[in-house]
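Working notes, beginning with the structure itself.
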Amino acid sequence: VEATDNSLMARVGAGDVKQLAVLFERHHKPLFRYFVYQTRDRQLAEDLVQDVFFRMLRYRVSYDPAQSFTAWMYQIARNANLDQAAKRRGEVLNFEELLEKRPEPSAKQPTQQERLERTQDLALLRRALERLPADKRELLVMARFQNLKYEDIARVLGCEVGTVKVRVFRAVRMLSAVFFELAGEKAS
């Protein structure tokens, strides 16, 4: 039986710090993607992942095993990103590279026309995401790209689940409006 993240982190908190390596193996890739979405800088994303695990080790005694490990980890990640963002004010985020790497939902090979349309849609989506306020962009990254549960996002943001649902809905609606504005169409 594989140990849960909560039980592993509880063991780290109790002094069995080598269990952090298991958590690293499980979570470094999703954290890396989260940071790349946020920073558009692969090297910085790698550094931030390391920083998160360093902070997890440093603050291990503050972990409450009764709470969600994922929410705790992403709260640390969010704080690390905010700390880093304060150092790099003024940079513009760009999502094109990440969006192009998302897997195709269809098993059939797309035609050249379909590939061209997808490339154009991805470019528009990237531009639309860049135009969103940072808080809405972060929310969409957590909810849609990282697939965090609304309960975990609520813990990270320190608000109610209902508030997260409303904010995600509004962020998606705003993204849609910006996307269709860029495409020269009316949002439906």
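Check whether at least one residue in region 170-177 is within 22 Å of Y34 (Cα to Cα) and among the β-branched types (V, I, T), and report yes or no.
Scanning region 170-177, I find at least one residue that is within 22 Å of Y34 (Cα to Cα) and among the β-branched types (V, I, T), so the answer is yes.
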*asked:* When you scan region 35-43, do you find a residue that is at pLDDT below 90 and among the hydroxyl-bearing types (S, T, Y), even just one?
replied: yes
*asked:* From the list L139, L82, exactly one residue is modelled with pLDDT of 80 or more, of a type outside the set (S, T, N, Q), part of a helix (DSSP H, G or I) and more than 23 Å from F179 (Cα to Cα). Which is it?
replied: L82
*Tally of residues being open to solvent by 50 Å² or more (accessible area, probe 1.4 Å), within 18 Å of L140 (Cα to Cα) and touching an Asp or Glu at 6+ places or on another chain (Cβ under 8 Å) across region 22-48*: 1
*Subset of region 142-166 (residues that are farther than 24 Å from H27 by Cβ and either in a helix (DSSP H, G or I) or at pLDDT below 90 (or both))*: G162, T163, K165, V166
*Tell me which residues, restricted to region 162-180, are touching a Lys or Arg at 6+ places or on another chain (Cβ under 9 Å) and surrounded by 13 or more Cβ atoms within 10 Å (Cβ to Cβ).*
R167, V168, A171, V172, M174, L175, V178, F179, F180
*Identify, by number, the condition in (1) open to solvent by 70 Å² or more (accessible area, probe 1.4 Å); (2) in contact with an Asp or Glu (Cβ under 6 Å, 6 or more places away or on another chain) that L82 doesn't meet.*
(2)
_Just the residues that are open to solvent by 40 Å² or more (accessible area, probe 1.4 Å) and among the aromatic types (F, W, Y), please, taken from region 49-71._
F54, Y59
*Output the residues belonging to region 150-179 that are among the charged types (D, E, K, R) and free of Cβ contacts under 8 Å to residues at least 60 places away in the same chain.*
E160, K165, R167, R170, R173
*asked:* Quick check on V12: is it under 16 Å from the mean Cα position of the chain (by Cα), at pLDDT 90 or above and either open to solvent by less than 40 Å² (accessible area, probe 1.4 Å) or under 15 Å from Q146 (Cα atoms) (or both)?
replied: no
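The values are calculated or read from the model by the stated rules, or taken from the named source; none is laboratory data. All of these numbers come straight from a predicted model, not from anything done at the bench. Here the Cβ is made from the backbone with ideal geometry for all residues, glycine too, and neighbour counts use every protein chain on show. Keep in mind that these areas ignore ligands, DNA and RNA; they rest on the heavy atoms of the full protein, side chains included. Shrake-Rupley method; radii C 1.70, N 1.55, O 1.52, S 1.80 Å.
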